Amino acid sequence: MNWIQRLGYRPFFIRLLHWEYWSFNVVYVPIYIIWVGLCLRARSFFFFAAANPRIRNGGFLNESKKDISPMIPASLHPKTLFFSLPANADRIVQQLQEKGLAFPLIGKPDIGGRGRGVKALAGEEELRAYIRNAFVDFHIQEFVPYKQEAGIFYYRYPGEERGHLSGIVRKEFLTVRGDGVHSMRQLLLKDKRSILQLGPLEKVYGAGLDKVLPAGEDRVLVPYGNHARGARFIDDSHLIDEELTLVIDRVCRQLPEFYFGRLDIRYNSWEELRQGKNFAIIEVNGAGSEPTHIYDPLHSIFFAWKEIIRHWVILWRISRKNHRLGIPYLSTKDGIAMFREDKSWSAKLAAMGEM
């Protein structure tokens with residue numbers, strides 16, 4: 001490998017040369033003028049709150065999983081218990097046992113985003129550490145055993161009988177495959193996506209990364225379908241068909257006044273998901289949802305801008321229709337307060353993200 005190739009494996013150049021790692025503002029600033037235009041046409045900078053009337057702020061920011069979880073059909077949602085701070089670890093352990101939640105479990109902040117503060121809990125010691133280091137209210141959720149994860153973007157115009165799917169992202173968890181010779185750390189250093197996760201992985205696994213895996217053995221290092229934590233996003237939007245649309249539409253119509261957002265789903269196989277079998281909804285995201293299929297490494301920034309704008313227009317149309325039906329927009333005062341609150345939450349979540 002020559003010096004130019006070696007430069008390509010430095011974190012700075014990995015981020016610079018692959019737009020999927022650019023910051024939120026760098027990606028969005030060039031198209032903000034479109035957003036401003038939609039705000040002016042709606043005569044509100046906070047029109048999006050009308051998109052999903054039953055979710056706080058329409059699900060744009062600061063929505064509570066505690067409020068959204070009961071809307072999801074119980075048969076399709078993993079068992080979840082919510083806890084407020086200050087939290088008593090002994091009492092939480094007892095409640096989990098009483099409700100039949102066994103390890104492994106997943107800890108998640110009640111108000112979160114981009115995978116911050118989400119942690120797999122293999123046993124009681126890790127659970128107690130999570131509780132001890134929690135900076136915000138959180139929930140403990142049973143671990144869904146299905147191996148596959150996808151984000152499916154759904155929208156339905158108010159008054160229409162049927163909804164639509166506008167994007168599917170398949171998520172490949174950060175995984176290392178052993179070769180019987182090199183340590184996991186050495187193998188991770190050969191992959192640009194993995195290099196960007198080495199810091200967090202060192203904190204979690206430490207000297208465990210020096211282990212040499214047998215040839216062909218796969219080890220999932222980050223069991224979350226989150227782009228910021230190393231998952232590869234693959235655009236599977238071409239798999240949208242009538243059968244899948246009917247399944248997802250049937251689910252989403254059970255969510256009260258849900259018109260726009262993304263479902264994060266764990267499933268066993270794609271064919272079973274299309275048949276409405278063996279899947280679980282692990283999260284519902286509202287008006288602030290990104291069409292995350294844009295982060296497929298094969299897509300250009302121009303494709304991303306086109307898809308973001310397309311979904312903004314859909315969000316605007318839905319919000320306008322609901323507004324005409326009497327659903328209010330967020331007031332300027334409340335909208336400003338929402339962004340201030342988000343700044344406060346972000347600081348706390350950033351601290352939890354380091355756990």
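Using a cut-off of 12 Å between beta-carbons, work out the net charge of the residues near Ile282 (Lys and Arg +1, Asp and Glu -1, Ile282 not included).
Working: positive: Lys65, Lys79, Lys108, Lys171, Arg262, Arg266; negative: Glu142, Glu149, Asp264, Glu283.
Its environment carries a net charge of +2.
State the percent of C-alpha pairs, over all pairs in segment 1-96, separated by a distance greater than 23 angstrom. Walk me through the intermediate numbers first.
On the way: 2786 of 4560 pairs.
Roughly 61 percent, rounded to a whole number.
When the gyration tensor of segment 127-186 is built from Cα positions, what are the square roots of 5 times its three eigenvalues, in whole Å, from largest to smallest? Walk me through the numbers on the way to the answer.
Values: eigenvalues 251, 121, 20 Å².
That gives 35, 25, 10 Å for the three semi-axes.
For the pair segment 201-257 / segment 11-46, the C-alpha centres are spaced 25 Å from each other. Averaging 1/r over every pair of different alpha carbons in segment 246-303 and inverting the result gives a Kirkwood radius of 13.1 Å.
Among Thr332, Thr80, rank each residue by its count of other Cβ atoms within 10 Å, from fewest to most, as a rough exposure measure.
Working: Thr332 11, Thr80 20.
Starting with the residue having the fewest Cβ neighbours, the order is Thr332, Thr80.
From the coordinates of this entry, Rg and Dmax of the Cα atoms in Å is computed, and it appears in [x] 20.9, 74; [y] 20.9, 65; [z] 21.7, 69 under the label [y]. Per-residue 3J(HN,Hα) values for segment 199-205, derived from phi via the Karplus relation 6.51 cos²θ - 1.76 cosθ + 1.60 with θ = phi - 60°, read x, x, 5, 4, 5, 7, 9 Hz in sequence order (x marks Gly and Pro). For segment 25-31, 3J(HN,Hα) computed residue by residue from phi via the Karplus equation (6.51, -1.76, 1.60; θ = phi - 60°) reads 5, 4, 6, 8, 3, x, 10 Hz, glycine and proline entered as x. With all pairs of different C-alpha atoms in the average, the Kirkwood value for the hydrodynamic radius of segment 288-333 is 12.3 Å.
Rounded to the nearest 20, the size of the Cβ-charge dipole of the chain about its Cα centre is 920 debye, with Lys and Arg at +1 and Asp and Glu at -1.
With 32 Å as the limit on Cα-Cα distance, the pairs of Lys99/Lys343; Lys65/Lys321; Lys147/Lys321; Lys66/Lys333 that go past it are Lys99/Lys343; Lys147/Lys321. A simple charge model with +1 on the Cβ of Lys and Arg, -1 on the Cβ of Asp and Glu and nothing else charged puts the dipole of segment 79-143 at about 240 debye relative to its Cα centre.
Which whole-number percentage describes the relative contact order of the chain, with Cα contacts under 8 Å and a sequence gap of 6 or more? Write down the numbers at each step before the final one.
Numbers: 602 pairs, mean separation 91.9, N = 355.
That works out to 26 percent.
Helix 32-42 axis versus longest C-alpha principal axis of the chain: approximately 30°, rounded to the nearest ten. Could you give the longest part of the chain that holds none of the trypsin sites (Lys or Arg not before Pro) found in DSSP loops with at most 11 neighbouring Cβ atoms within 10 Å? In short, 191-355.
Listing Ser44, Ser84 from the residue with the fewest other Cβ atoms within 10 Å to the one with the most, what is the order? Before the final figure, lay out each step's value.
Values: Ser44 21, Ser84 10.
Ordered from fewest to most neighbouring Cβ atoms within 10 Å, Ser44, Ser84 come out as Ser84, Ser44.
Counting other C-beta atoms within 10 Å, which of Ile106, Ile68 has the fewest, and how do the rest follow? Mind dumping the intermediate values first?
Values: Ile106 20, Ile68 23.
Fewest to most other Cβ atoms nearby, the residues stand as Ile106, Ile68.
Relative to the first principal axis of the alpha-carbon coordinates of the chain, what is the inclination of helix 301-324, with its axis defined by its Cα atoms, in degrees from 0 to 90 and to the nearest 10? The angle comes out near 40 degrees.
Which net charge results when you count Lys and Arg as +1 and Asp and Glu as -1 among the other residues whose beta-carbon is under 14 Å from that of Gln95? Please list the in-between numbers first.
Details: positive: Lys79, Arg91, Lys99, Arg128; negative: Asp90, Glu98, Glu124, Glu142.
Computed value for this residue: 0.
The angle between the Cα long axis of helix 242-252 and the longest principal axis of the Cα atoms of the chain comes to about 80 degrees, rounded to the nearest 10.
A short reminder: the numbers here are calculations on the coordinates, not readings from a lab. The structure presented is a predicted model; accordingly, all values stated were derived computationally and were not measured. Heads up, the Cβs are rebuilt from the backbone with ideal geometry, glycines too, and the neighbour counts pull from every protein chain shown.
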